[in-house]
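Quick notes on the structure that follows.
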Amino acid sequence: MEGRPKITIATLRARKREQRRISMLTCYDYTTARIMESAGIDSLLVGDTYAEVCLGHPNTLPVTLEHLVTLAEAVRRGAPGVYLVGDMPFVSYQVSPEDAIRNAGRYLVQGRCDCIKVEVDRRHIGVVEAMSAASIPVMAHLGLRPQSIQSIGGYKVQGKHAKDALLLIEDAKMMEEAGAVALLLEAVPSEVAKIITDSTSLPVIGIVSGGDCDGQVLV
């Protein structure tokens, strides 16, 4: 879509206020990015799912920051107007807040991303706070966290039981207070996703989390 205004976090917040759905897709290359830009997609995610859908790995763990930042550069060249989100791969942010800031900074400077996404729960509040304090916009990925599947024993719906649902709702509020600019909910029951979406001013993107999120991201 030639000449359209640049999509920013303010655009996505306005979409939420106006109850207009946010469109979001994954993208890993320049040519596909051009097609998605011309279609008017709001946001693109350079996801660690590249490891699975493009490289044939059984999970997302093998992909590296070098892989993904290079892909982000290509996607940005193809789609200058989208809200571009870079996915922080395994162990690129868990070691220390300093590592997280340094690695996320590569996405913003080299990859020209608008935001970075991290798979988190309340144990990662300090990392989100540190990146937010460093002026790095963070999309907090809650619920099913594919980088943790070896700990939880596979891909499973999160927040099915009342206690777990309450923890997830609390985690979402904590991420907002820590400075996250958006939330992503993966494999969360639709009732829980609706509560979170309705209780925050942040744009909420769902992955198989029901139809009440502000938008859906499709791989």
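The values are calculated or read from the model by the stated rules, or taken from the named source; none is laboratory data. Since we're looking at a predicted model, the values are computed, not measured. Cβ sites come from the backbone with ideal geometry, for glycine too, and all protein chains shown count toward neighbours. These accessible areas exclude ligands, DNA and RNA; they are computed on the full protein's heavy atoms, side chains included. Shrake-Rupley method; radii C 1.70, N 1.55, O 1.52, S 1.80 Å.
Looking only at residues of the stretch 188-204 that are touching a Ser or Thr at 6+ places or on another chain (Cβ under 8 Å) and more than 15 Å from LEU167 (Cα to Cα), we find that the one that is modelled with the highest pLDDT is VAL204. Quick check on my filter: what residues within the stretch 18-39 are closer than 18 Å to PRO203 by Cα and either small (Gly, Ala, Ser) or touching a residue at least 12 places away in the same chain (Cβ under 8 Å) (or both)? Hits for the stretch 18-39 are ARG21, ILE22, SER23, MET24, LEU25, THR26. Against the criterion of being open to solvent by 50 Å² or more (accessible area, probe 1.4 Å), of a type in the set (A, V, I, L, M, F, W, C) and in a helix (DSSP H, G or I), ALA10 qualifies.
Check whether at least one residue in the stretch 177-193 is among the acidic types (Asp, Glu) and within 17 Å of VAL118 (Cα to Cα), and report yes or no. Yes.
Note on the stretch 114-136: residues that are within 16 Å of PRO97 (Cα to Cα) and either assigned to a helix (DSSP H, G or I) or among the acidic types (Asp, Glu) (or both) amount to 14. Of all residues in the stretch 72-84, none satisfies being of a type outside the set (S, T, N, Q), out of contact with any Gly (no Cβ under 9 Å at 6 or more places or on another chain) and either without any contact (Cβ under 8 Å) to a residue 24 or more places away in the chain or within 13 Å of GLN147 (Cβ to Cβ) (or both). Taken over the stretch 92-115, the criterion of being without any contact (Cβ under 8 Å) to a residue 24 or more places away in the chain and within 21 Å of THR26 (Cα to Cα) is satisfied by VAL109 alone.
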